[in-house]
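The values are calculated or read from the model by the stated rules, or taken from the named source; none is laboratory data. For clarity, every value in this text was computed on a predicted model and none was experimentally measured. Note that each Cβ is placed from the backbone with ideal geometry, even for glycine, and that neighbours are counted across all protein chains shown. Only protein heavy atoms, including side chains, enter the accessible area calculation; ligands, DNA and RNA are left aside. Shrake-Rupley method; radii C 1.70, N 1.55, O 1.52, S 1.80 Å.
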Amino acid sequence: PLSKDLSELGVALTYMHLKRYDEATELLKKIEKSTQYNEVKYEAAYRLGDVRVLSNKYAEAIENYNKAQSRYPQAQNSFPGSFFNKSESEFWIGNYKKSLEDFREYIKRFPSDPHAPLALTRIGENMEILGADKSRTMGAYLESYFRFGETPNAIIARIRMTAARMKS
C-alpha cells in the first residue's frame, strides 16, 4: 500500500540525513524496484543521487542522476535539485566544461529555483577556470547579483566580483 511505501521513503530520507548512506541507498533501491506508485518510484530514483552527493561520491551521483533522468524523464521538472547537484558534482570532480554546460541547462530549465544564484556564480567560476575573458566571467557574477540581490547564494557572486577588483 501507498502508506507503507511512503513510510519507507521517509525512513530512507532520514537515513540520508543521519549520514547512514549505505542504509539509505539500499532502502531507496528497494523502494524503486518494489513500489507500484510512480511518484514514489521517481522520488526514490532521484534521491539516490542526493545520497551520493551528500557522501561526496560525485561520479556516482552523476551516474545516479543520469539514470533517473533517462528512466523517468516525466519527473525531471519535479526534481530541479538533480540538475543542480549533477552540475555541482561535475564541478567538484574537475569536469569544468561539462559542469558549465549543465549549469547553463539548469538555469534555462529552472530560472527561479532557489539555487539559481549559486548556479550563475558557478557558471562564472567555470568560465574563469576554463580561461574565458574576464568580462564574461564578471557578466555571470553580475547577473547573479543583480537578478537575485541580497540572497545568500547571490552574495557569493558579489564576493567574487569584489575579489576580482583586488590586486592580490
> When you go through (1) of a type outside the set (D, E, K, R); (2) without any contact (Cβ under 8 Å) to a residue 12 or more places away in the chain; (3) outside any helix (DSSP H, G or I) one by one for Pro114, which number turns out not to apply?
Replying inline: (2)
> Within region 8-40, how many residues turn out to be surrounded by fewer than 20 Cβ atoms within 10 Å (Cβ to Cβ), on the phi < 0 side of the Ramachandran plot and part of a loop (DSSP other than H, G, I, E, B)?
Replying inline: 4
> Restricting attention to region 55-62, does a residue exist that is under 14 Å from the mean Cα position of the chain (by Cα), of a type in the set (Val, Ile, Thr) and open to solvent by less than 70 Å² (accessible area, probe 1.4 Å)?
Replying inline: yes
> If you go through region 65-83 one residue at a time, how many are hydroxyl-bearing (Ser, Thr, Tyr) and surrounded by 17 or more Cβ atoms within 10 Å (Cβ to Cβ)?
Replying inline: 3
> Could you list, in sequence order, the residues of region 44-89 that are outside any helix (DSSP H, G or I) and farther than 23 Å from Glu8 by Cα?
Replying inline: Asn56, Lys57
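Given the criterion of a type in the set (Lys, Arg) and buried (at least 21 other Cβ atoms within 10 Å of the Cβ), identify the matching residue among Lys97, Lys86. Walk me through it before giving the result.
Working: Lys97 fails: buried (at least 21 other Cβ atoms within 10 Å of the Cβ).
Matching residue, one of Lys97, Lys86: Lys86.
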>> Quick test for you: out of Met161, Met127, pick the one residue that is open to solvent by less than 50 Å² (accessible area, probe 1.4 Å), modelled with pLDDT of 90 or more and either farther than 21 Å from Ala61 by Cβ or not in a helix (DSSP H, G or I) (or both).
In response: Met127
>> I need the full set of residues from region 138-158 which are within 23 Å of Glu90 (Cβ to Cβ), free of Cβ contacts under 8 Å to residues at least 24 places away in the same chain and open to solvent by less than 40 Å² (accessible area, probe 1.4 Å), in order please.
In response: Gly139, Ala140, Tyr141
